[in-house]
Amino acid sequence: SVKLSGKRNYRFYDAKYSDVLRARTQKEEELRYAIEHNQFVVHYQPRVDIFTGITSSMEALVRWAHPTKGLIGPNDFISLAEETGLILRLGELVIDLVCAQLAHWSNRGQELVPVSVNVSSRQFNETDVANIISSSLARHNIDPKHVEIELTESSMMGEAAADALASIQKIGIKILVDDFGTGYSSLSQLQKMDFDVLKVDQAFTSQLEASEEGTVFFKTIITMAHTLGMKVVAEGVENIEQVKILKDLKCDEIQGFYISKPLPPSEKQPILPRFFLPSTA
Ligand code: C2E
Ligand code: MG
Ligand code: MG
Ligand code: MG
């Protein structure tokens, strides 16, 4: 009967649902354990000036060094960390790993290139990021000019965002808008907020060669950003054709596999030699 099959279906989904839930709970426990036992490493991906080829900064990208599964990328655990609130501790851990690494490089007499750290929405909205970063900087004796933070547009929608951003900038830390173009900041918000850099999402970089429209879109962002006094970074640059177009559009900086993959930390800060970019003459 209808009633019986309805009931069977319900049981079927119920069993599946509890499997999913169990797996999730297990992963959450593993993640919690990993945070308590420092199973994380940070890789660094350079961002270079498109005209000089000089590395202007390096992005800190976290990886979970799982004892049996090897290195796990952030796409496999950041959203769970965000949903469970574990991101608050993980985020603090990443900031501290970065500051410790900068101190290590600096103690070896190296001239430092700034490192940009991704800050999640909850981390930004539920903790005092300015305070967390400045204590970590002080603990490792690092100048704030060596650190930048990356925030997405949607993280900064809250009422308190402007004040939080201002207190971060007051310390001397630059703010980059990550994945720009995928959220919904208004022009007035961009104007009000005094961001330093827009990182245009990879989705738009990949449209550059595909269509005239893609190029026009990028050009519009660059014009707007420059008008508002912001630099523009193209994310996910993978080939020389994209570099050529971006150079013509006067994009300021590029990041992506064409330049370098994220690199594990070595004894010296893995700064690239001055990168040679194609001339468009
Ligand atoms: P994101 O901040 O937009 O970082 C860029 C991502 O694109 C990185 O992936 C990077 O490895 C990848 N990428 C760079 N160049 C290219 C390219 O040319 N082609 C392609 N296909 N990909 C490229 P990753 O390391 O897997 O990180 C993914 C996301 O995880 C990051 O996106 C960021 O949102 C988040 N994430 C990473 N580290 C942290 C962290 O410490 N804290 C927080 N809250 N989030 C983080
Ligand atoms: Mg980022
Ligand atoms: Mg991004
Ligand atoms: Mg992204």
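Where a number appears in this text, it was derived from the coordinates with a stated rule and is not lab data. These figures come from a predicted structure and were not determined experimentally. For neighbour counting, all protein chains shown are included, and Cβ atoms are generated from backbone atoms with ideal geometry for every residue, glycine included.
General remarks:
- Sorted on the mean count of surrounding Cβ atoms within 10 Å across their residues, most packed first, peptides 215-221, 253-259, 184-190, 267-273 read 253-259, 215-221, 267-273, 184-190.
- Pairwise label distance in nanometres, Thr68 with Arg32, each label 7 Å out on the Cα-Cβ vector: 1.9 nm
- The lysines whose alpha-carbon is closer than 30 Å to the alpha-carbon of Lys16, local same-chain residues fewer than 8 away aside, are Lys3, Lys7, Lys27, Lys69.
- Unsatisfied cross-links (Cα-Cα over 22 Å) in the set Lys145/Lys261; Lys170/Lys250; Lys219/Lys247; Lys192/Lys250; Lys170/Lys247: Lys145/Lys261; Lys170/Lys250; Lys192/Lys250; Lys170/Lys247
- The angle between the Cα long axis of helix 87-107 and the main principal axis of the chain comes to about 40°, on a 0 to 90 degree scale.
- For the chain, share of DSSP beta bridges that run antiparallel, in % to the nearest 5: 45 percent
- Cα-centre dipole for the chain with unit charges at Cβ (Lys and Arg positive, Asp and Glu negative), debye to 20: 740 debye
- Between Lys16 and Lys145, the contour length at 0.36 nm per residue exceeds the Cα-Cα span by 41.4 nm.
- In region 153-281, the alpha-carbon atoms span a convex hull of 134 Å³ per residue.
- Cα long-axis angle, helix 129-140 against the chain (0 to 90 degrees, to the nearest 10): 70 degrees
- Per-selection Rg to Rh, the chain - Cα, Kirkwood hydrodynamic radius: 1.03
- Inter-label distance for Asp128 and Glu159, nm, one decimal - labels placed 7 Å from Cα along Cα-to-Cβ: 2.0 nm
- Radius of gyration and Dmax over the Cα atoms of region 113-168, both given in Å: 11.4, 33
- For the chain, calculated [θ]222 nm from helices alone, where every DSSP H run of n ≥ 4 adds -39500 (n - 2.57): -14500 deg cm²/dmol
- With θ taken as phi - 60° and the Karplus curve 6.51 cos²θ - 1.76 cosθ + 1.60 applied, the whole-hertz 3J(HN,Hα) list for region 52-64 is 9, x, 8, 5, 8, 6, 10, 8, 7, 10, 6, 9, 8 Hz, x standing for glycine and proline.
- Rg and Dmax of region 37-91, both derived from C-alpha coordinates alone, stand at 14.4, 43 Å.
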